[in-house]
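See below for the structure under consideration.
The values are calculated or read from the model by the stated rules, or taken from the named source; none is laboratory data. Keep in mind that this is a model prediction, so the values were computed, not measured. Note: ideal-geometry Cβ built from the backbone for every residue, glycine included; neighbour counts use all protein chains shown.
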Amino acid sequence: MISISKKTLTTLEDAAREAARNAYAPYSNFSVGAALLAEDGEIYVGCNVENASFGLSNCAERSAIHAAVSDGRGRGDFSALLVFVPGGTCHPPCGACRQVLSEFLLPDAPVYSACDSGEIVAWTMGELLPDCFELPASGGAE
Ligand code: THU
């Protein structure tokens, strides 16, 4: 696993907690924040943005990826992600987010989850999604 200093981990947790405060989650009341660490130390944050048409809701992790890509970042530019979820249990990213994250984080990049208990749980990207979908080089054309 790519190693992250305790200080950086605390910075990521603070950033994700802060981002969760901006969540738009009137339907679930579950405000999530994510902090994505770029290799040069820059941090991109995201929060969940829900919609009355529930399926259109966006998770915090994907919001953070979208913010980073919108700022010119790309594949392999990131060293870690931390997601903050409310409550006493740390949850890993959902399946859809795992697929999206796996396109940008290397298999040995750490993915952390923090919650109100103060505990932090860590996985590698590869543990969370060992067999991500990748489009064949042909793009599917025979
Ligand atoms: N949510 C996230 O933002 N990240 C996850 O990994 C799981 C769930 C959001 C989606 C929805 O707005 C709310 O949490 C409840 O599922």
Selection within segment 79-101 - more than 9 Å from the ligand (Cβ to nearest atom), part of a helix (DSSP H, G or I) and surrounded by 22 or more Cβ atoms within 10 Å (Cβ to Cβ): Leu101
Any hit, segment 48-67, residues being touching a Phe, Trp or Tyr at 6+ places or on another chain (Cβ under 6 Å), of a type in the set (A, V, I, L, M), outside any loop (DSSP other than H, G, I, E, B) and farther than 22 Å from Thr10 by Cα: yes
Odd one out for Gly76, checked against (1) assigned to a loop (DSSP other than H, G, I, E, B); (2) touching a Gly at 6+ places or on another chain (Cβ under 8 Å): (2)
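Among the listed residues Ser53, Ser117, Ser28, identify the single one that is of a type outside the set (Phe, Trp, Tyr) and closer than 30 Å to Leu135 by Cα.
Working: Ser117 fails: closer than 30 Å to Leu135 by Cα; Ser28 fails: closer than 30 Å to Leu135 by Cα.
Matching residue, one of Ser53, Ser117, Ser28: Ser53.
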Residues that are within 13 Å of the ligand (Cβ to nearest atom), surrounded by 12 or more Cβ atoms within 10 Å (Cβ to Cβ) and in a loop (DSSP other than H, G, I, E, B), drawn from segment 28-47: Ser28, Phe30, Ser31, Val32
Residue list for segment 102-142, filter: exposed (fewer than 15 other Cβ atoms within 10 Å of the Cβ) and among the aliphatic types (A, V, I, L, M): Leu106, Val121, Leu135, Ala137, Ala141
Residue pairs meeting the criteria (Cβ under 9 Å; at least 6 apart or on separate chains; first of a type in the set (D, E, K, R), in segment 88-100; second near the ligand (Cβ under 9 Å from one of its atoms)): Arg98/Glu61; Arg98/Pro92
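Based on this model, can you work out whether Leu106 counts as in contact (Cβ under 8 Å) with a residue 60 or more places away in the chain and either of a type in the set (A, V, I, L, M) or more than 14 Å from the ligand (Cβ to nearest atom) (or both)?
Spelling it out, Leu106 is indeed in contact (Cβ under 8 Å) with a residue 60 or more places away in the chain and either of a type in the set (A, V, I, L, M) or more than 14 Å from the ligand (Cβ to nearest atom) (or both).
Look through segment 5-27, keep the residues that are surrounded by fewer than 15 Cβ atoms within 10 Å (Cβ to Cβ) and not in a helix (DSSP H, G or I), and return whichever of them is modelled with the lowest pLDDT.
Ser5
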